[in-house]
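Notes for the one structure printed next.
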Amino acid sequence: YRVAVHAADPSAGVSAASGIMQTQAVLRRYTDFRWLHGQLRRERCGAVVPPLPEKQAVSRFDPEFVEDRRFGLERFLRRCYVHPELRDSASLGIFLQADDLAFHAAKNQKAAPPGSDGSGHDGAFNGAGGAGAPSPPMPTSALAPPHH
């Protein structure tokens, strides 16, 4: 899936309040969304993490199923983004912004036990995210299904 996000461009001295935004996109698979869901549950113990759409082994390329899943994944991301306990998560930021190489490196890191750094958050991503950290850019409605 192609996940497009809008963000202010700080390099151009632009703030979100100005209304001038840049868009970036990353490609993610359903298994990447599952990774994000699991990371959010580990990083933010006790927070209610929105559900993912169900996995389907048969007819997974049926156009109706693909559209339903796309809608469900988009809803999942939007709900994570507006959730006060999830929006500044390191994993959400990585999911939305990291290039393929950095994202796969983050996925393959062994997660430290939650709270092992004393913050109550998982320290697997060098302390990025957490309370007071800037939120990742807002996911747009441009979540597109994969090309076959």
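The values are calculated or read from the model by the stated rules, or taken from the named source; none is laboratory data. What you are looking at is a predicted structure, and each value in this text was computed from that prediction instead of being measured. Counting neighbours? That spans all protein chains shown, and the Cβs are built from the backbone with ideal geometry, glycine included. These accessible areas exclude ligands, DNA and RNA; they are computed on the full protein's heavy atoms, side chains included. Shrake-Rupley method; radii C 1.70, N 1.55, O 1.52, S 1.80 Å.
Observations, loosely collected:
- Of all residues in the stretch 50-106, those satisfying the criterion of being in contact (Cβ under 8 Å) with a residue 24 or more places away in the chain, hydrophobic (A, V, I, L, M, F, W, C) and open to solvent by less than 30 Å² (accessible area, probe 1.4 Å) are 66, 73, 76, 77, 80, 86, 90, 92, 95, 96, 98, 103.
- If you filter the stretch 35-63 down to residues that are of a type in the set (Gly, Ala, Ser) and assigned to a loop (DSSP other than H, G, I, E, B), you find that the one that is modelled with the highest pLDDT is 47.
- Take the conditions (1) at pLDDT below 95; (2) not in a loop (DSSP other than H, G, I, E, B); residue 80 misses just one of them, which is (1).
- Consider the stretch 10-34 and keep the residues that are surrounded by 14 or more Cβ atoms within 10 Å (Cβ to Cβ) and part of a loop (DSSP other than H, G, I, E, B). The one that is modelled with the highest pLDDT is 28.
- Residue in the stretch 26-36 that is out of contact with any strand residue (DSSP E or B) (no Cβ under 9 Å at 6 or more places or on another chain), in contact (Cβ under 8 Å) with a residue 24 or more places away in the chain, of a type in the set (A, V, I, L, M) and under 22 Å from residue 102 (Cα atoms) present: yes
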